[in-house]
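Reading through the structure tokens given below for one structure.
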Amino acid sequence: MFSFKKVLNISLIVFLVAFSVMFCINKFDNTPLIAGNKDELQIYEWWHIESFEGGGANRKNYLNSLALQYEKSNPTKLFMVKSIEADQLEDALTKSTPHLISFSEQVAKIVLPYLVAFDNEYNIRDNYLESATYNGRLMALPYIASGYCYFTKTNNADDLDLYTANDNLHNALSLTGNTTINNNQTLSSYQCYTKFVNSNSIKLLGTARDLFRIKNLENLGRFSATYEPVSTFTDLVQYLGVTTNDSEVLKFIDFVMQDDNQYKLANLSLFSTKHIKLYTEPVYANMEQALTTCYVPNIFTN
């Protein structure tokens with residue numbers, strides 16, 4: 001026979017199980033996340049197509065950090081960053097359309113039919129705005145930039161062999177008129193960088209990623225380098241497009257383009273497209289200044 005104590009224990013267990021079930025049902029049924037808040041959870045999809053050289057993982061982490069920071073003040077609005085490969089984008093867009101797209105010029109013509117024009121220019125510099133204009137409308141926001149830079153270990157750079165990543169060959173040819181690059185080899189960005197590190201007879205056309213690496217080695221006393229930022233051209237720009245005029249999406253865009261969030265790009269050795277200055281260190285400041293006036297090709301028509 002059951003004792004009173006056993007009956008009491010069984011009753012307690014049944015109560016706890018029932019309470020747990022009711023708690024879970026209440027927790028996960030679409031009820032407001034905050035007491036007194038009538039808003040339900042809204043999820044916005046933010047696709048990130050990584051297609052310009054250098055710092056891809058850092059850029060995605062930056063986007064994630066912006067989304068999380070926004071969520072702190074807007075707990076029922078979630079902006080979920082999803083990476084999409086450039087060669088998978090066209091197929092992905094036939095199946096679903098994200099609310100926001102982060103992209104560069106490689107896929108600009110693919111995303112253009114899905115984009116809604118912007119009315120606000122967010123204090124972005126004219127050379128960047130012109131690169132994202134189509135039929136007189138601003139179709140995307142240039143919001144992250146990088147640039148090219150020549151690196152040498154000597155001031156007499158005219159007779160040096162020029163090396164650059166294979167992806168940058170078309171830029172090197174147009175910038176220099178030099179038809180012999182990489183000694184006719186096909187080389188990655190890292191291979192070119194290592195050749196520069198290990199040789200005094202190389203001129204490297206690199207990016208801000210190389211600038212970060214080379215400055216670190218210079219600070220360690222490995223060698224002394226000369227820097228010449230390219231002031232005539234860059235196509236290393238990331239754009240932000242929207243596919244809807246949803247007020248919450250536009251509010252989030254305002255947040256992304258705030259000066260405070262643009263200043264954080266300095267932590268990634270990247271640059272803002274806005275009329276603000278991120279750097280005081282001389283080499284980075286010189287590259288930043290070079291980017292303010294350089295030609296940025298139109299991503300939709302070039």
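Taken together, the values in this text are just the output of simple stated rules run on the coordinates, not laboratory data. All figures in this text were calculated on a predicted structure; none of them were measured in a lab. When we count neighbours, we look across all protein chains shown, and the Cβ atoms used for this are built from the backbone with ideal geometry, even at glycine.
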Note to self: With 10 angstrom as the radius, rank VAL237, VAL249 by how many other C-beta atoms surround their C-beta, starting from the fewest.
What the structure shows: VAL249, VAL237
Margin query: Which entries of LYS95/LYS251; LYS60/LYS264; LYS109/LYS251; LYS195/LYS277 have Cα-Cα distances beyond 23 Å here?
Written below: LYS95/LYS251; LYS109/LYS251; LYS195/LYS277
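Contour minus end-to-end for THR292 and ASP126, with contour as 0.36 nm per residue of separation and end-to-end as the Cα-Cα distance? If you can, show how the numbers build up before the last one.
Values: separation 166, 0.36 × 166 = 59.76 nm, distance 0.88 nm.
Stretched fully, the THR292-ASP126 segment lengthens by 58.9 nm.
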Note to self: I need the phi-derived Karplus couplings for segment 90-105: 6.51 cos²θ - 1.76 cosθ + 1.60, θ = phi - 60°, integer Hz, Gly and Pro marked x.
What the structure shows: 4, 5, 4, 6, 6, 9, 7, 10, x, 7, 10, 9, 9, 8, 10, 4
Margin query: Taking θ = phi - 60°, what integer Hz values does the Karplus form 6.51 cos²θ - 1.76 cosθ + 1.60 yield along segment 117-131, in sequence order, with x for Gly and Pro?
Written below: 5, 9, 9, 8, 9, 6, 6, 7, 5, 4, 5, 7, 4, 4, 6
Margin query: Restricting to DSSP loop positions (anything but H, G, I, E, B) with no more than 14 other Cβ atoms inside 10 Å of their own Cβ, which trypsin sites (Lys or Arg not before Pro) remain in segment 200-240?
Written below: ARG222
Checklist line | Residue-span extension gain [THR76 to ASN61] - 0.36 nm each, minus C-alpha spacing | finding: 3.3 nm
